[in-house]
Amino acid sequence: MLIFDSNTDRRVQTITITSVSLIFLLLIFVISVEIHQLLKGIILLMVLLPTILLWQLSCRKYEISENSIYIKYPVFHKKIDTSLIKEIIEKPGLAEVELKSAFNTRGFMGYIGFYKDKEHGLVSLHCNSLEGLLLLRVGEKKYLINPHNKLSFLEAMRPHRIASKDQTK
């Protein structure tokens with residue numbers, strides 16, 4: 001099994017660290033202010049739950065096994081059968097403007113969600129950077145990933161791509 005870390009860019013790091021710092025300050029403020037305990041609890045839940053959820057959804061790495069790619073998250077993973085991959089397209093980068101076309105986190109804890117690509121339609125985001133992207137076309141679904149060492153990832157995928165092309169003949 002080959003493991004590739006997700007490439008994290010400076011923008012994601014800055015947004016995440018700033019947001020978590022502000023959340024921490026808000027939590028200190030809420031705890032220190034004299035308000036009803038139930039209200040404190042509700043505010044804490046409203047702030048902490050989305051942050052924990054997004055942390056759980058932020059992509060950590062990609063693993064290539066004999067017949068699958070696993071997109072790994074802190075608690076779960078997404079499995080993609082390599083025999084179903086129709087195409088792997090290199091995308092040099094994605095402009096922040098392009099992300100405004102569908103639901104996604106826009107850099108908080110990575111890029112999680114979906115965006116609409118003019119050429120490929122709705123694409124599922126599983127990346128922490130907008131540079132060095134790979135688009136996996138799996139049937140009608142499309143996944144955008146960004147392994148740290150893109151060339152090694154493509155090289156590791158070469159036998160799977162050849163096998164999947166042979167199956168379609």
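The values are calculated or read from the model by the stated rules, or taken from the named source; none is laboratory data. The shown structure was predicted, so the numbers you read here are calculated from the model rather than taken from an experiment. Cβ: placed from backbone, ideal geometry, glycine included. Neighbour counts: every protein chain shown.
Could you check the stretch 1-17 and list, in sequence order, the residues that are at pLDDT 75 or above and of a type in the set (D, E)?
Across the stretch 1-17, the qualifying residue is only D5.
Condition (residue is surrounded by 13 or more Cβ atoms within 10 Å (Cβ to Cβ), among the aromatic types (F, W, Y), modelled with pLDDT under 85 and out of contact with any Lys or Arg (no Cβ under 9 Å at 6 or more places or on another chain)) applied to the stretch 92-108: is it met by at least one residue?
There is at least one residue in the stretch 92-108 that is surrounded by 13 or more Cβ atoms within 10 Å (Cβ to Cβ), among the aromatic types (F, W, Y), modelled with pLDDT under 85 and out of contact with any Lys or Arg (no Cβ under 9 Å at 6 or more places or on another chain).
Among residues belonging to the stretch 56-83 that are loosely packed, with under 15 Cβ neighbours inside 10 Å and of a type in the set (A, V, I, L, M, F, W, C), point out the one that is modelled with the highest pLDDT.
The residue in question is F76.
Could you say which residue among L44, L2 is more than 28 Å from L133 (Cβ to Cβ) and surrounded by 13 or more Cβ atoms within 10 Å (Cβ to Cβ)?
The unique qualifying residue is L44.
Of everything in the stretch 18-30, what is modelled with pLDDT under 75 and loosely packed, with under 11 Cβ neighbours inside 10 Å? Give them in sequence order.
None; the set is empty.
Given the condition part of a helix (DSSP H, G or I), touching a residue at least 12 places away in the same chain (Cβ under 8 Å) and within 14 Å of the chain's Cα centre (by Cα), answer yes or no: does some residue in the stretch 16-25 qualify?
yes
Go through the stretch 126-142 and give me each residue that's at pLDDT 85 or above, aliphatic (A, V, I, L, M) and closer than 20 Å to R10 by Cβ.
Within the stretch 126-142, L133 is the sole residue that qualifies.
Does the stretch 5-15 hold any residues that are part of a helix (DSSP H, G or I), surrounded by 11 or more Cβ atoms within 10 Å (Cβ to Cβ) and not aliphatic (A, V, I, L, M), and which are they?
Matches in the stretch 5-15: R11, Q13, T14.
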